[in-house]
Amino acid sequence: MTLWRIRATVDDRPGYLSVLTASLALRGVNILTVQVHTTEVGAVDDFLVDAPDRLTEADLRAAVERGRGRDCWVARSEARGLADQPTRVLGLANRLVREPDRAGEALRTLLGADEVTWRPASAGRPGGVGERTMLLADPAGGTYELRRREPSFTPAEYARAQALVELAATAARRDADRVTLVLSDSAEVRLRPATADDLAGVVELHDACSARSRQRRYLSGAARPAPARLRRLLEPARGITLLATAGPGGEAEPVVAMANLLGEGDEAEAALLVRDDWQRRGLGTALLRRLLGHAERAGYAAVLLHVQAENTPMLRAVRRLDRPTSVERDGGVLTVTVPLAVRAVPLPRQADVPAH
């Protein structure tokens, strides 16, 4: 028996797929897996089959055509093709989390592309999918161009590939946030994204801060928030939390500052908590700049900060951003709005991609 991949378009009507599978079964072909790609011209069925050694590519094409399939593509497959698509995608995703700079290689593996090329961003070339060419917007900037002679790309493959590219960009951004900052007094702190495992360190940060610092951060009171709330802050549904650590090095470094960016709608809210002995050293300003950078890349229209009117250090950090702001006052609390440059992302259109 020999492994083959067969892709064919079938009218999306009751019973038509069974006619195709029956035609293959009459020739002793065993269907191992099947994926269905919905398109405008019908359902594109992608089969992995085990066929008798005597059958040729022409025999399989003929069987598909007798089973009312059209636009048939047939090619030999390997044993690794036995892995189902979700398993393959999860494996590639795991690799990209560890090595985000290998996105091109992952795309080639995922789609069996003949060519994968990254190009700088250029006007008039939004993402999209054609028969032989696929363009994927790289969230980090630029475009991936994929070419494959056969079979034709499908919208489902485009969606999977774009999700993989976005995952790689997210992983790369997380790596980029692992930096060492040298403050104005030559002290060094290390920045990194927070995870759920940082809960104990963040609790210690809150305990080490004065009641005044906690009250300035949360506005509603000086008590330390409950662990459940802190856990939600560490891994927000939309946004990011950055931690600054300082010490002799290693995973046990104490957390000396926490910066939160929480998204809601087209705006995001930023907030900082810096340990008292690390205040007035430029750390808050550096963290705030990084939060604004994240918000811009995520496409938020503005970042809001709710600041007590007497919180001079925080207001000074905002002024150091050297950005336009607007301020509204409600009693003793100021709402500072920092507008961001909105980057429009065009929707993919098939007409935008030439069919080569």
The exposure ranking of Trp4, Trp118, fewest beta-carbon neighbours within 10 Å first, is Trp118, Trp4
Given GluC sites (Glu not before Pro), DSSP loops and at most 13 other Cβ atoms within 10 Å, the longest exposed-site-free stretch of the chain is 79-250
For the stretch 50-63, in residue order, the Karplus 3J(HN,Hα) values (coefficients 6.51, -1.76, 1.60; θ = phi - 60°; whole Hz; Gly and Pro = x) are 10, 10, x, 4, 6, 7, 9, 4, 5, 4, 5, 4, 5, 5
Looks like the stretch 2-81, by Cα gyration tensor root eigenvalues a ≥ b ≥ c and the a/c under 1.5 rounded cutoff (else prolate when a/b is bigger than b/c, oblate otherwise), is prolate
In Å, the Kirkwood hydrodynamic radius from C-alpha pairs for the chain sits at 24.0
For the stretch 85-176, the Debye formula with one identical point scatterer on each Cα and no solvent gives log10 I(q)/I(0) at q = 0.25 Å⁻¹ as -1.38
Computed ³J(HN,Hα) along the stretch 201-215: with the Karplus parameters 6.51/-1.76/1.60, θ = phi - 60°, integer Hz and x for glycine or proline, the list is x, 6, 4, 4, 4, 4, 5, 7, 7, 6, 4, 5, 5, 5, 5
Per the rule of 0.36 nm per residue minus the C-alpha distance, extending Arg297 to Glu150 adds in nm 49.4 nm
Comparing Ala113, Ala156, Ala58 in a Gaussian network model of the chain (Cα, 10 Å), the one with the largest mean-square fluctuation is Ala58
Gyration tensor on Cα atoms of the stretch 179-339, a ≥ b ≥ c root eigenvalues, a/c under 1.5 rounded, else prolate if a/b beats b/c, else oblate, says rounded
Computed curve, the stretch 136-274, Cα-only Debye sum without solvent term, log₁₀ I(q)/I(0) at 0.20 Å⁻¹, is -1.24
In this structure, the FRET efficiency calculated for Val36 and Glu99 from their beta-carbon separation, with R0 = 45 Å, to the nearest 0.05, is 0.90
For the pair Arg174 and Glu267, the simple spin-label estimate (label points 7 Å beyond Cα toward Cβ) gives in nm 3.0
Most packed first (mean Cβ within 10 Å per residue), the peptides 274-284, 192-202 order as 274-284, 192-202
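Where a number appears in this text, it was derived from the coordinates with a stated rule and is not lab data. Keep in mind the model is a prediction, meaning the values are calculated, not measured. Every residue, glycine as well, gets a Cβ built from its backbone with ideal geometry; the counts of neighbours run over all protein chains shown.
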